[in-house]
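Written below as structure tokens is the structure these notes are about.
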Amino acid sequence: MARKPIIAGNWKMNMTPAEAKELIAALIPLVQDAAADVVICPPYLAIPTAAELVKGTNIALGAQNIHWAEKGAFTGEISAKMLKEVGVSYAIIGHSERRQYFGETDETVNMRAKAAIAAGITPIICVGESLEERETGKTEAIVSAQTEKALAGIEAKDVKILVIAYEPIWAIGTGKTATKEQANETIACIRNTVKKLYGEETAEAVRIQYGGSMNPKNAAELMAMPEIDGGLIGGASLKAEDFSKVAKY
Ligand code: PGA
């Protein structure tokens, strides 16, 4: 049962709409023959521009977050319906930067994931351990618990089509990549958690990415690992050439 690889670019708080336009224009011809699903996640403000540009291409559009409510008094937030209307089909949920700097919890991650699914947007749910947690042998317990809480109350049919990103916090933006063995092993643990909760068929279907300093140099060896179904790319997604090389690992 082959899972289709998925390479997603997390632009974080980078790129004005004009800069996004330039980057996407350069990216389109470079990734048009990519075998993987290709997704870009620009900041909200650049999404409408990006949506126009990627129409008719093999690049799908993602957001970097989503609010759990349909609408209402939530100053500064963006709903799934708003994103869906402008052509967003994926949303990163629970990125470690959201958890670390913006008070995101396992509970809010779960609510946001459910809101995405309800709107027909595929969540890319991020989990990952800190350096201290890895060094004290807590990695598996941490990622299993995060996975279980993120998926609470989500049906198997929806779990099958969502995406999980394993992102060790110590590897994000640090240039320090997890070894391919570490990434593969932890992703296997996440898949096993899904298996315990939903059974084999769902666990075999769900796509699990690795993220954390993935770049043109290490993408091929990471992607060659049997459990790794894709990548969530930060820094290297900001240059068309680099991102296309990862997408075509
Ligand atoms: P990085 O970021 O590739 O810059 O390490 C990955 C991420 O945070 O998704």
What pairs come up if the first residue lies in the range 115-144 and is away from the ligand (no atom under 16 Å from the Cβ), the second is among the hydrophobic types (A, V, I, L, M, F, W, C) and at pLDDT below 95, and their beta carbons are under 8 Å apart, counting only those six or more places apart or on different chains? none
Meets criteria (aromatic (Phe, Trp, Tyr), closer than 22 Å to LYS12 by Cα and surrounded by fewer than 21 Cβ atoms within 10 Å (Cβ to Cβ)) for TYR101: yes
For residues in the range 193-217 being assigned to a loop (DSSP other than H, G, I, E, B) and open to solvent by 20 Å² or more (accessible area, probe 1.4 Å), which is nearest to the ligand (Cβ to nearest atom)? SER213
Residue count for the range 201-223, restricted to those that are farther than 17 Å from LEU162 by Cβ and not aliphatic (A, V, I, L, M): 7
For a quick check of your reading of the model, give me the residue pairs whose first member lies in the range 226-248 and is open to solvent by 40 Å² or more (accessible area, probe 1.4 Å), whose second is among the small types (Gly, Ala, Ser) and part of a loop (DSSP other than H, G, I, E, B), with beta-carbon atoms closer than 9 Å and at least 6 apart or on different chains. GLY235/GLY173; GLY235/GLY175; GLY235/SER213; LYS248/ALA34; LYS248/ALA35; LYS248/ALA36
Scanning the range 160-185 residue by residue, those assigned to a helix (DSSP H, G or I) and away from the ligand (no atom under 15 Å from the Cβ) turn out to be LYS180, GLU181, ASN184, GLU185
Output yes when any residue across the range 134-155 is among the basic types (Lys, Arg) and either outside any helix (DSSP H, G or I) or open to solvent by less than 30 Å² (accessible area, probe 1.4 Å) (or both), and no when none is. yes
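The values are calculated or read from the model by the stated rules, or taken from the named source; none is laboratory data. Here the structure is a predicted model, which means the values were calculated and not measured. Reconstructed Cβ throughout: ideal geometry from the backbone, glycine too, with neighbour counts over all protein chains shown. The accessibility values were calculated without ligands, DNA or RNA, using every heavy atom of the protein model including side chains. Shrake-Rupley method; radii C 1.70, N 1.55, O 1.52, S 1.80 Å.
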